[in-house]
Amino acid sequence: MTDKIPVTVLTGYLGAGKTTLLNRILSEPHGRKFAVIVNEFGEIGIDNDLVVGADEEVFEMNNGCICCTVRGDLIRIIDGLMRRKGKFDAIIVETTGLADPAPVAQTFFVDDNVGRRTKLDAVVTVADAKWLNERLKDAPEAKNQIAFADVILLNKADLVGKAELAEVEARIRGLNPYARIHRTERCAIPLPEVLGRNAFDLDRILDLEPAFLESDDHGHDHHHHDGHDHHHHGGLKHYHDEDMQSFSLKTDKPLDPDKFFPWIQDLVAKDGPSILRSKGILAFKDDPDRFVFQGVHMILDGDHQRAWKDGETRESRLVFIGRNMPEDKIRTGFEGCVA
Amino acid sequence: MPNARADTASLVKRTQPVRAGGAVVAIQFLQDTAVFVLGEEGLILVEHGGAERRIAVHAGAILAAASDGVRIVTGGDDGKVVATDATGASTTVGGDAKHRWIDRVAAGLDGAVAWSAGKQAFVRTRKGEERVIDLPSTVGGLAFAPKGFRLAVAHYNGATLWFPNAQAAPEKLEWRGSHLDVTFSPDGRFLVTAMQEPNLHSWRLADGKHMRMSGYSAKVLSMSWTADGKALATSGADQLIVWPFQGKDGPMGKPPEMLAPCESNVAVVAGHPRQAVVAAGYDDGLVLLVRIEDGAEILAKKPGNAPVSALAWNAKGTLLAWGAEDGEAGIVRVT
């Protein structure tokens, strides 16, 4: 459905620059109109009658999933906003610095009325280049926001040296190798890098390669380049966070859907609380179509995407980002899904 | 096409079309004047057989509407609560000092009005006295009790029964989860809430006994009592669900009536004010009148391009007004 209103979730630890980015999005001459759901009034310097204050009321669904939390206030606010459909093109949800992005994301999959009229576009996280390393040590929220993100603005990049910047970027990659990282000063970034990402759109799950080779190396660059100059920095250091990791699984042997679906459903039912995000492209035996899925904790969303192309390698690939995940058990389980 | 109901008796030819021009979010009758509440700004007042009159009552979205039969009360994202009578005269009767959204409204039979903004619920008596109560979380639903000056407020993890004129602490009814709408049974014995999960919860008020009504495929967004007050009709499934409340134990241990099955879900229900008949509007635009006794159906509107979003009867039960999400609307003369 193309007429669903895209929703961008803006996260970031206190002081990283979320409000700066928001003000930039609202003030740049792009001809688009946004409804904005903010956690605190008064910080936005733009006159906009579609700015709504939120209460961040998170509650658990009574469906047996302990990690299935949603934002009740968002359901109510989106229902209200949609009465003014036609007055805005997109919705931006700003969360507090201490917020976990998962309940926001899950709201779009759990509530039918919200899901029917809006779609989650991407989770954008603003990180402070100078302080992120410290926050990753003392603030689990900051780590969640990085691990969950589709797009990360490594902001205030001008306030740290080149080596320090490479260091913090490597830390981010250790938590989340799949997000796009942009180094920014005062959140200066072309808006298409932040909005209209379709990160949760199954049709856009094309490739699950880590984003190492495609990240920008400059702040506020307006030209596209291949970004291969990373390699000249003497190679990226690899960091492994103690509790947050990501890993990928792949096989070129066709999978048996009757084994795979029960396995993945059981996996997220049991280990959903530790799995923040998951994505996959799957090749099933005797199935001409690619199957794609993506998930947030216990919620999975999947569909046939398109036919495998001639000459395309029929390879199944899954990625997981999470906290203390039972990687060996997941690997063994996945191998058992081969047809 | 089962939903076309080709063989069903039809009232479709007796429809007076109304050009709402935008989503209809609620309808209320003030005598024989149908008031169509739009998602934004305005009301359309239509006397049966007469012209349409548009009036603007809010500066933005209209988020809630209720009526006592004399006035229609609306709450908007402009932070105002506005009462409008059948002549189209509007007055602001309340609001929020901080201009927060007015999420819910209720109208009492003695001219009292209630509304909510965030975690606060307000009442204003006919004499203009205003009272406020702070709730533990955002208000999901408001309902006046059928007798006495008492308000039920639904919120997370239950509902609160508030006597605005009493000194006593409000009574708490607890049940885990998010309660999004609330209604008293007309005899005042039961309180029913609709939840975020696709089920209803009910308390017998005499002893606080719990009842859980489940089996829905979607969140229940519409509830309506039958004329005799003995049954509660609801949306939320691909048939009309009617729960029995006549016995001492209400629907405890009893299955609901399941009537008028369709290919799409029931979106809105409205009980006929005098007979055991319920109007059901479906997600595909169909509107049926369904007799509870035997499930007999009469077609009031054919399926259309958008879900039915509002239904209302006049007090005599001779007119049924309907509205849809795409702005299609009409008034059907039933007898």
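The table below lists the values:
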| quantity | calculated |
| --- | --- |
| Charge tally in the Cβ shell below 14 Å around B:ASN265, where Lys, Arg are +1 and Asp, Glu are -1, B:ASN265 excluded | -4 |
| Qualifying lysines (Cα of each under 22 Å from Cα of A:LYS285; at least 8 residues distant if same chain) | A:LYS250, A:LYS253, A:LYS259, A:LYS309 |
| Exercise: per-residue mean of other protein chain Cβ atoms within 10 Å, A:51-61 | 3 |
| Reachable lysines from B:LYS13, criterion Cα separation under 19 angstrom, eight or more residues apart if same chain | B:LYS301, B:LYS302 |
| Stretch in chain A that is longest and holds no GluC sites (Glu not before Pro) that DSSP places in a loop and that have at most 11 other beta carbons within 10 Å | A:41-241 |
| Ranked list, fewest to most other Cβ atoms within 10 Å of each Cβ, for A:SER27, B:SER116, A:SER246 | A:SER27, A:SER246, B:SER116 |
| Average beta carbon contacts from partner chains per residue of A:75-87, 10 Å cutoff | 6 |
| Chain A: calculated mean residue ellipticity at 222 nm from DSSP helix runs of at least 4, using -39500 (n - 2.57) | -8000 deg cm²/dmol |
| Histogram of C-alpha separations across the range A:121-172, 10 Å bin width, % | 27, 57, 16, 0 |
| Separation of alpha-carbon centers, the range A:259-324 and the range B:77-139, rounded to whole Å | 49 |
| Cα gyration tensor category, rounded, prolate or oblate, for the range B:213-335 with a/c compared to 1.5 | oblate |
| Within the range A:66-100, trypsin sites (Lys or Arg not before Pro) in DSSP loop having at most 15 other beta-carbon neighbours inside 10 Å | A:LYS87 |
| Distance histogram for the protein assembly as shown (every C-alpha pair counted, 20 angstrom bins, percent rounded to whole numbers) | 17, 46, 30, 7, 0 |
| Residue order, fewest to most beta carbons within 10 Å, for A:HIS240, B:HIS201, B:HIS99 | A:HIS240, B:HIS99, B:HIS201 |
| The range B:200-304: GluC sites (Glu not before Pro) falling in loop per DSSP and having at most 14 other Cβ within 10 Å | B:GLU263, B:GLU293 |
| Dipole magnitude (debye, nearest 20) for the protein assembly as shown, charges at Cβ of Lys, Arg, Asp, Glu | 2020 |
| Any cysteine of chain A lacking a neighbouring Cys Cβ under 4.7 Å - listed by number | A:CYS67, A:CYS187, A:CYS337 |
| Anchor A:LYS119: lysines whose Cα lies under 23 Å away (excluding residues fewer than 8 positions away in-chain) | A:LYS4, A:LYS18, A:LYS33, A:LYS85, A:LYS87, A:LYS279, B:LYS219 |
| Loop trypsin sites (Lys or Arg not before Pro), the range B:256-302, which have at most 15 other Cβ atoms in a 10 Å radius of their Cβ (DSSP) | B:ARG274 |
| Alpha-carbon centroid distance for the pair the range B:237-301 / the range B:14-40, whole angstrom | 22 |
| Total charge dipole magnitude, chain B, about the Cα centre, Cβ charges on Lys, Arg, Asp, Glu only, Debye to nearest 20 | 660 |
| Prolate/oblate/rounded call for chain A, Cα gyration tensor, a/c under 1.5 rounded | oblate |
| Alpha carbon Rg of the range B:1-61, scaled by the compact-globule rule 2.2 N^0.38 Å | 1.38 |
| Cα-based convex hull, the range A:244-335, per residue volume (Å³, whole number) | 82 |
| Cα lying deepest toward the dipole's positive end in the range B:236-299, options B:ILE292, B:MET252, B:ALA279, charges on Cβ | B:MET252 |
| In Å, descending, principal axis extents of the Cα set of chain B | 58, 48, 29 |
| Local net charge near B:VAL332, Cβ-Cβ under 10 Å (Lys/Arg +1, Asp/Glu -1) | +4 |
| Rounded if a/c under 1.5, otherwise prolate or oblate - the range B:39-87, Cα gyration tensor axes | oblate |
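Each reported figure results from applying straightforward, stated rules to the coordinates on display, with no laboratory input. What you are looking at is a predicted structure, and each value in this text was computed from that prediction instead of being measured. Positions of Cβ are backbone-derived with ideal geometry, glycine not excepted, and every protein chain shown enters the neighbour counts.
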